[in-house]
1. Please list, ordered by residue number, the helices (runs of 4 or more DSSP H) wholly in the range 170-260 having 1 or more residues that are under 18 Å from V143 (Cα atoms), open to solvent by 50 Å² or more (accessible area, probe 1.4 Å) and at pLDDT 95 or above.
2. List every residue pair whose Cβ atoms sit under 6 Å apart, with the two residues 6 or more apart in sequence or on different chains, where the first one lies in the range 27-40 and is within 12 Å of E54 (Cα to Cα) and open to solvent by 80 Å² or more (accessible area, probe 1.4 Å) and the second, anywhere, is at pLDDT 95 or above and outside any helix (DSSP H, G or I).
3. Output the number of residues of the range 110-119 satisfying the condition of being free of Cβ contacts under 8 Å to residues at least 60 places away in the same chain and either open to solvent by less than 10 Å² (accessible area, probe 1.4 Å) or of a type in the set (D, E, K, R) (or both).
4. So, in the range 127-138, exactly how many residues are within 16 Å of the ligand (Cβ to nearest atom) and open to solvent by less than 30 Å² (accessible area, probe 1.4 Å)?
5. Applying the selection to the range 41-75, what residues are over 24 Å from G98 (Cβ atoms) and of a type in the set (D, E)?
6. Evaluate the range 152-167: report whether one residue or more is at pLDDT 95 or above and within 16 Å of the ligand (Cβ to nearest atom).
7. Here are I41, I81: which of them is within 12 Å of the ligand (Cβ to nearest atom), within 19 Å of V126 (Cβ to Cβ) and within 18 Å of the chain's Cα centre (by Cα)?
8. Please go through (1) of a type in the set (S, T, N, Q); (2) in a strand (DSSP E or B); (3) more than 26 Å from A184 (Cβ to Cβ) for T60 and return the number of the only condition it doesn't satisfy.
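The values are calculated or read from the model by the stated rules, or taken from the named source; none is laboratory data. Since the model is a prediction, treat every value here as computed from it, not as a measurement. Glycine also receives a Cβ, built like all others from the backbone with ideal geometry; neighbour counts cover every protein chain displayed. For accessibility, only protein heavy atoms count, side chains too; no ligands or nucleic acids. Shrake-Rupley method; radii C 1.70, N 1.55, O 1.52, S 1.80 Å.
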Amino acid sequence: MKHAKHIPRKRFGQHFLADANIIEAIVDAIAPQPSQAMVEIGPGLAALTQPLVERLGQLTVIELDRDLAVRLRAHPQLSVIESDVLKVDFVQIAQTLGVTKLRVVGNLPYNISTPILFHLLDCVEVIEDQHFMLQKEVIDRMVARPCTSDYGRLSVMLQWRYAMENVLFVPPTSFVPPPRVDSAVVRMVPRENPAAVEVKLLSEIVQVAFSQRRKLMRHTLGQWLTAKGFSGVFDVQRRAEEVPVADYLTLAEQVKNITP
Ligand code: SAH
């Protein structure tokens with residue numbers, strides 16, 4: 001693209017991939033196939049965008065930075081949505097493209113990565129799969145097993161709905177400018193038969209449970225359940241991190257069915 005040099009903007013979390021081997025490894029992990037419907041969040045200077053679109057034929061991109069969006073529009077194979085991704089309706093993108101499922105990818109702006117994950121959870125029914133570059137520490141929490149210090153709200157709120165794996169480690173030196181943290185790429189595939197869960201209620205339960213993760217839950221979730229009039233069986237003589245995802249789901253189902 002023939003344009004003036006772009007100065008990375010810190011407020012947009014701009015760390016551009018500049019390592020050909022890593023870029024190739026990420027694209028291989030994504031494994032794009034011709035004419036698949038894909039959306040890239042934060043294409044930036046097109047480090048991933050170009051190799052992706054070469055395999056796909058065409059690609060929808062969402063970019064907030066106006067200057068970058070101008071450059072991207074010059075590319076004949078890209079549909080550019082100039083917007084904050086948190087305001088983008090992915091169901092509508094799928095409808096516009098005439099497909100039922102979208103593949104979503106991106107080297108995300110780390111300052112808003114958790115809100116982006118929850119925004120996409122809201123429209124998971126139109127998602128085929130997601131591949132995201134994130135802070136490695138965040139991915140560790142997403143994929144964490146019970147009884148580990150990384151297991152928490154993010155683990156429960158995502159694991160019930162997605163199968164997830166860390167597919168690639170990426171060091172700071174792969175970016176310009178380098179971020180201060182290690183990065184990794186996570187693959188997220190929506191589960192086929194998820195529990196019928198009320199996300200808001202599950203979120204509230206998990207938040208209360210982990211509000212004081214060192215304490216036994218009778219001091220936190222136990223009191224919350226009593227206030228709700230819960231009379232079922234749930235062992236609150238445990239720490240929140242000892243409770244498997246399935247137990248939180250069962251509890252959310254039981255709380256939903258409490259008749260006042
Ligand atoms: N994919 C590129 C750039 C990654 S940096 C690469 O790997 O090199 C993150 C990108 O997300 C930047 O282009 C930044 O402008 C964009 N971005 C930041 N906040 C955004 C938001 N809220 N919505 C959409 N894009 C955003």
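1. In the range 170-260, the matching helices (runs of 4 or more DSSP H) lie at 199-209, 245-256.
2. That search, which allows pairs on different chains as well, returns P34/G57; S35/G57.
3. So in the range 110-119, the residues free of Cβ contacts under 8 Å to residues at least 60 places away in the same chain come out as 113-115, 117-119.
Restricting the remaining residues to those that are either open to solvent by less than 10 Å² (accessible area, probe 1.4 Å) or of a type in the set (D, E, K, R) (or both) gives 113, 117.
So the count comes out to 2.
4. Of the range 127-138, the ones within 16 Å of the ligand (Cβ to nearest atom) are 130-136, 138.
Filter again for open to solvent by less than 30 Å² (accessible area, probe 1.4 Å), leaving 130-134, 138.
Within the range 127-138, residues that are within 16 Å of the ligand (Cβ to nearest atom) and open to solvent by less than 30 Å² (accessible area, probe 1.4 Å) number 6.
5. D65, D67
6. Looking only at the range 152-167, we keep the residues that are at pLDDT 95 or above, and these are 152-167.
The next check asks that each one be within 16 Å of the ligand (Cβ to nearest atom); those that pass are 167.
Among the residues of the range 152-167, at least one is at pLDDT 95 or above and within 16 Å of the ligand (Cβ to nearest atom), which makes the answer yes.
7. Testing whether each residue is within 12 Å of the ligand (Cβ to nearest atom), within 19 Å of V126 (Cβ to Cβ) and within 18 Å of the chain's Cα centre (by Cα) leaves just I41.
8. Result: T60 passes all but (3).
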